[in-house]
1. Along the charge dipole of the chain, which of 201, 89, 138 sits closest to the positive end, that is, farthest toward it, with unit charges on the beta carbon of Lys, Arg, Asp and Glu (+1, +1, -1, -1)?
2. Between the DSSP loop rule and a limit of at most 16 other Cβ atoms within 10 Å, which trypsin sites (Lys or Arg not before Pro) in region 96-174 are left?
3. Looking at 14, 56, 75, which one has the Cα that reaches farthest to the positive end of the dipole of the chain (charges on Cβ: Lys, Arg +1; Asp, Glu -1)?
4. Please give the length that would be gained between residue 65 and residue 48 if that part of the chain were fully extended, namely 0.36 nm times their separation in residues minus their C-alpha to C-alpha distance (nm, one decimal).
5. Check region 1-156 and count each lysine pair with an alpha-carbon distance under 25 angstrom, considering only pairs eight or more places apart or from different chains.
6. Which one, (i) 10.2; (ii) 27.7; (iii) 13.5, gives mean projected area of the Cα convex hull in nm² as derived from the coordinates shown?
7. Roughly speaking, what is the stretch gain from residue 56 to residue 26, that is 0.36 nm per residue apart minus the C-alpha to C-alpha distance, in nm to one decimal?
8. Around residue 211, under 12 Å between beta carbons, what's the net of Lys plus Arg minus Asp minus Glu among the other residues?
Amino acid sequence: MSQEYESNYEKVFSHFQEEFLKMDQQAAAEKLGLGCDGETLTIPWFGKPWKIDRRTGRITDENGKIPDVTQRLLIMHHLCFFRMDAVRSDKWVPFRQIREAACFERAYQKSAVDPVVEYFTGKTELFAQACRALGGTGVPYGDAGFRIYPLPQIGLTYIFYDADEEFGASCNILFESTVTWWIHPESVPTIASTVTEKLIAAAERITKQEELTK
């Protein structure tokens, strides 16, 4: 991300920090499955306990560091755009069927789907290991299928088919049909690309560790 884009993102983040300070934080925590004490909200981000200062909106990760602005914005969009009447769904759909987000399909394909295919072709077991490293649980689809929850109320199902003699590798990502009840539609492709980035980063760590132990 260029410095100019990062600066603009920080301005947007500051706006949502102000909105966060105005909201009923206790009610939001109860709806979204967050921890809430006197001065802090605890939000499980990929299973890690990130903290949000209730007085300032400052977000820190499990190590007390300020994360990159893309991840912070996703969390703020979750907090500021969820609906109090939002419900979970047992209907999982591809991105193109999320009507409010469908206009972002090209960016979604390029940033969330294509990198999975490019990186994990011929590496089905590594894909599975990376999914497990993010807390994913297996689902009976594809050559490897996993459901990953970056946030307690938002899950993504990754279905990976490796290449064979007839077809190239492919990946599909399914979302709960009500995902845009929990986060801004524009953030749906971003949260998918963030999961994909973390999958590849996890795979690289696993590969490096295996090389060190040889």
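The values are calculated or read from the model by the stated rules, or taken from the named source; none is laboratory data. Keep in mind that this is a model prediction, so the values were computed, not measured. For neighbour counting, all protein chains shown are included, and Cβ atoms are generated from backbone atoms with ideal geometry for every residue, glycine included. Ligands, DNA and RNA are excluded from the accessible area calculation, which covers all protein heavy atoms including side chains. Shrake-Rupley method; radii C 1.70, N 1.55, O 1.52, S 1.80 Å.
1. 89
2. 99
3. 56
4. Gain on extension, residue 65 to residue 48, equals 4.8 nm.
5. 13
6. (iii)
7. That pair, residue 56 and residue 26, stretches by 9.3 nm at full extension.
8. Charge balance near residue 211 sits at +1.
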